[in-house]
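Take a look at the structure set out below.
FYI, it's all coordinate maths here, none of it is from the lab. Values in this document were obtained by computation on a predicted structure and should not be read as measured data. Cβ atoms come from the backbone with ideal geometry, glycine included; neighbour counts cover every protein chain shown.
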Amino acid sequence: MKKLTVLALVLTLIVSSFALKAIMVTDTGGLGDKSFNDGTWEGLLQAEEELNAEVDYIISKEQTDYVGNLTNAAQDADVVVAVGFLMADALFNVAPQFPDTRFIGIDISPSEGQTVPSNLALYIFKEEQTSFLAGYLAASMTQTGTLGYVGGIRIPPVLRLEIGFRSGVKAYNQLHNTNINVLTGYVGGFGEPAKGKQMAMSQYQQGADIIFHAAGASGNGVIDASREIGSDYYGISPNADLKTVIDAYYAKGTGYFSIGVDSDQDYLAPGYVLTSAMKRVDQAAFLGIRSARSARAFQSGLNVLGFNQDGVGLSPMKYTKGMVPSSVFAEIAYLRTLVESGEIVIADTDETFGSFNVSNVEFPF
């Protein structure tokens with residue numbers, strides 16, 4: 001019996017010493033979006049460093065590439081990471097064809113009544129939680145009383161980001177007796193920064209001074225717009241250093257900002273990106289790959305990440321934290337504890353948004 005135990009242990013060590021190969025299949029935003037795909041890729045790079053995994057990627061240029069790219073990845077990898085809601089049908093088509101390959105779907109969930117294959121782990125996020133905080137923060141900082149939202153495509157994760165953002169603004173209005181409104185628009189794609197910039201400039205011209213984007217690479221144009229209109233307003237160079245930007249903000253007393261999404265995008269325009277509503281897609285990808293090393297540990301089925309799982313939250317605000325009153329951070333922290341405890345359930349649909357009400361909340365300070 002002891003010999004069998006030792007043999008089993010040796011075999012386990014031998015098997016675990018083989019490095020997994022993980023291939024990520026991007027959505028049409030591709031790598032370099034500085035958002036969703038790049039964030040997921042960071043999770044694979046973490047697996048490469050910490051798990052000794054071999055990692056690679058395949059870029060999808062069109063949605064029609066999804067099935068072929070997933071199939072090619074499955075033929076060459078132990079783990080396939082599929083990125084984005086729009087890949088759902090292709091993923092559910094391909095995964096059952098390769099039962100010995102483990103698949104990870106980021107931002108992908110089954111349709112109602114759909115069975116998830118045992119070799120498929122899905123990770124989705126409570127996007128409304130992080131965008132709620134972003135909306136509350138934006139409402140506390142606006143000087144015009146008008147905010148903006150630029151989305152990519154009206155798919156469930158992006159809609160949850162919009163509704164969560166509007167819920168944060170609504171909460172601020174209820175708790176501070178204000179009437180801040182939100183302009184909304186959708187670009188129609190995740191890889192069109194020029195259109196994102198054009199829409200953002202239109203919203204700024206309509207009075208918005210802070211715009212939240214949930215548009216992938218299209219949102220890079222929103223961030224560019226905040227830098228362009230902000231630097232013009234301050235009368236400084238768009239390439240001015242951070243100190244110059246901050247000094248100009250305080251000299252004016254007002255400014256223009258964007259809010260990033262998915263990854264920490266604050267660095268893309270220091271001093272102009274107020275914060276980023278982060279989804280830890282990197283964490284999801286890493287956890288999925290780590291669990292894929294063992295059939296027993298593989299987290300198949302649907303995994304939902306929110307505040308309590310450290311799956312969402314605001315960026316550290318490295319460049320702009322000093323611009324925000326400490327009282328605002330105190331309110332945000334308290335509201336987050338109420339969400340974590342279940343005392344506040346943030347709206348995530350148009351229907352629940354209509355009845356969302358936090359006017360009974362009292363801050364203990």
- prompt: Under the definition of Cα pairs under 8 Å and six or more residues apart, what whole-number percent is the relative contact order of the chain?
  reply: 18 percent
query: From the residues LEU70, LEU147, ILE104, which one has its Cα farthest along the dipole of the range 56-208 in the positive direction, the dipole being from +1 and -1 charges on Cβ of Lys/Arg and Asp/Glu about the Cα centre?
result: LEU147
task: Express in whole angstrom the spacing between the alpha-carbon centres of the range 293-321 and the range 182-197.
output: 26 Å
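Under unit Cβ charges (Lys, Arg +1; Asp, Glu -1), what dipole magnitude, rounded to 20 debye, does the range 106-244 have relative to its Cα centre? Provide the component values of the computation, followed by the final result.
On the way: 9 positive and 11 negative charges, 34 e Å.
Around 160 debye, computed over the range 106-244.
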query: Hey, which of these cross-link pairs are over 27 Å Cα-Cα: LYS61/LYS318; LYS195/LYS321; LYS61/LYS321; LYS170/LYS279?
result: LYS61/LYS318; LYS195/LYS321; LYS61/LYS321
query: Under the classification rounded if a/c is under 1.5, otherwise prolate if a/b is larger than b/c and oblate if not, where does the range 43-154 fall, given a ≥ b ≥ c as square roots of the Cα gyration tensor eigenvalues?
result: prolate
task: Run through the DSSP bridge list for the chain and note the antiparallel percent, rounded to the nearest 5.
output: 5 percent
field: the range 243-365 - percent relative contact order, Cα under 8 Å, separation 6 or more
entry: 18 percent
- line: Taking Lys and Arg as +1 and Asp and Glu as -1, residues besides GLN299 with C-beta under 12 Å from its C-beta add up to +4
task: Mind running the shape call on the chain? Use the C-alpha gyration tensor, a ≥ b ≥ c as the square roots of the eigenvalues: rounded below 1.5 for a/c, prolate if a/b tops b/c, oblate otherwise.
output: prolate
- request: Using a 10 Å cut-off on Cβ atoms, rank the peptides 31-41, 353-363, 241-251, 178-188 from the highest mean neighbour count down.
  value: 31-41, 178-188, 241-251, 353-363
